[in-house]
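Reviewing the structure listed below.
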Amino acid sequence: MSEPTNGGPGLPQQRKIVTEIPGPKSRALQERRLKAVPPGVGSTLPVYTVAAGGGVLVDVDGNSLIDFGSGIAVTNVGNAHPEVVRRVQQQVAAFTHTCFMVTPYEPYVEVCERLNALTPGDHEKRTILVNSGAEAVENAVKIARYATKRPAIVVFDHGYHGRTLLTMTLTAKNMPYKEGFGPYAPEVYRVPMAYPYRSTEDGPATAAKVIDQISKQIGAHNVAAVLVEPILGEGGFIEPSPGFLPAIAEFAEDNGILFIADEIQTGFGRTGRLFACEHEGIVPDLITTAKGIAGGLPLAAVTGRAEVMDAVHGGGLGGTYGGNPLACEAALAVFDALDADRITAKAARIGEIMLPALRELAAGDPRIGDVRGRGAMIAIELVKPGTDEPDAALAGAIAKACHAQGLIVLTAGTYGNVLRFLPPLVIPEDLLHEGLDLLAGAIAETR
């Protein structure tokens, strides 16, 4: 049994199943939930958490589950990282809120300074802090439109950017994110994504089609920004074909279009680099971050070129809770941990372990159509044997089998047929291997 690398003091890093999953106490809480919370708020696995850290999550029944979800790529440095806890406790004893727009405070400024230094590019930058990824994307679009005086925003097939009116408009997948919630925001245009598993074209060829479509159907001079996830998250952990994103970025630069990188799921070491756009040498004009930024506390940011960010008039950006001091202190602890805990190296190591193991499983199972990912952002795409027809039912069955054995996994994908794996970047390697063994067993169980 490994010693905990993070999380609550003494939390054993082991899988331990003492009841069925979910257990009786979780089921009782679920009954209460159903009477208090609308069904529109879903849960992947209704086990109710009392402790988490390192690579495990402990529920109210005493079960200890292996975590391959990280709260959807949030707890990169682990739950309850000691420095996150220390800095938040210190701050909460001082004050919880003043509103930065009323009386500011140093942690907000320091987080912005650190993001300006950490994000790609050596140009002068500015940062604003908000509460969620969707809010960051909304503000990035606002800023891009204001700075360019252009209305159109270009997004991509399979992309996901949030659940608010604007961000669900930007999101590609209808169900469950958009169904019944229209009408949607105007001046949003969707173009193809270079999806290697489902395309015979290379990246530059797909980019050429996209550029042609933008030029003919929208007019490049009308486009404020192109908005893209460097690796698509909810859409199925799609790595765009090599050369696609650089070609789009070059077209944007040549036409006065801002390139916005949505790094909300990919940022802060998740892919083995600090930011996923670094894999192809892309320097975005604006970058949105959230999820892994503050160790589980709600915080998000827009960082961008100084001349773009400074274009907005005074009072045009902000929000009551944006850059809350507790979340800022948590983020500063996370930034320190990125170096001190060698987070990007740990993410790369997770990929070195998981990808070969999953490819070995795929070699013996025609239902696994594709294995893909970078660092600790990895997925398998499930299809009907001998075809590329998506098999969402199989993905759900495998996930259910994993959950029953105490392994938390998530589904994703436009077609619902992708299993995605997002372990905390501090997960002990023995737990990682055990989780892979459980996954292999679940896949075999569904044959």
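Every number in this text was worked out from the coordinates using simple rules, so none of it is lab data. None of these values were measured; they are calculated from a predicted model. Ideal geometry is used to build each Cβ from the backbone, glycine not excepted, and the neighbour counts take in all protein chains shown.
Observations on the model:
- Residues that are more than 11 Å from the chain's Cα centre (by Cα), farther than 16 Å from A333 by Cβ and assigned to a loop (DSSP other than H, G, I, E, B), drawn from segment 260-299: G272, R273, L274, F275, G281, I282, V283, P284, D285
- Unique match (being hydroxyl-bearing (S, T, Y), farther than 23 Å from I238 by Cα and buried (at least 19 other Cβ atoms within 10 Å of the Cβ)) among T119, T171, T148: T148
One line per residue, one yes/no per condition, for (1) in contact with a Leu (Cβ under 8 Å, 6 or more places away or on another chain); (2) of a type in the set (V, I, T):
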{"site": "R367", "(1), (2)": "yes, no"}
{"site": "V371", "(1), (2)": "yes, yes"}
{"site": "A379", "(1), (2)": "yes, no"}
{"site": "P385", "(1), (2)": "no, no"}
{"site": "G406", "(1), (2)": "yes, no"}
{"site": "L422", "(1), (2)": "yes, no"}
{"site": "V426", "(1), (2)": "no, yes"}
{"site": "G435", "(1), (2)": "yes, no"}
{"site": "L438", "(1), (2)": "yes, no"}
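- Residue list for segment 57-81, restricted to those being touching a helix residue (DSSP H, G or I) at 6+ places or on another chain (Cβ under 7 Å) and more than 27 Å from G267 (Cβ to Cβ): D59, V60, D61
- Criterion (in contact (Cβ under 8 Å) with a residue 60 or more places away in the chain and closer than 23 Å to E234 by Cβ) met by exactly one of L407, L382: L407
- The single residue among E234, E329 that is acidic (D, E), farther than 18 Å from P192 by Cβ and crowded, with 19+ Cβ neighbours inside 10 Å turns out to be E329.
- Answer residue from segment 177-228, given it is of a type in the set (K, R) and within 30 Å of V41 (Cβ to Cβ) and is nearest to the chain's Cα centre (by Cα) among those: K178
- G78 vs. criteria small (G, A, S) and touching a residue at least 60 places away in the same chain (Cβ under 8 Å): yes
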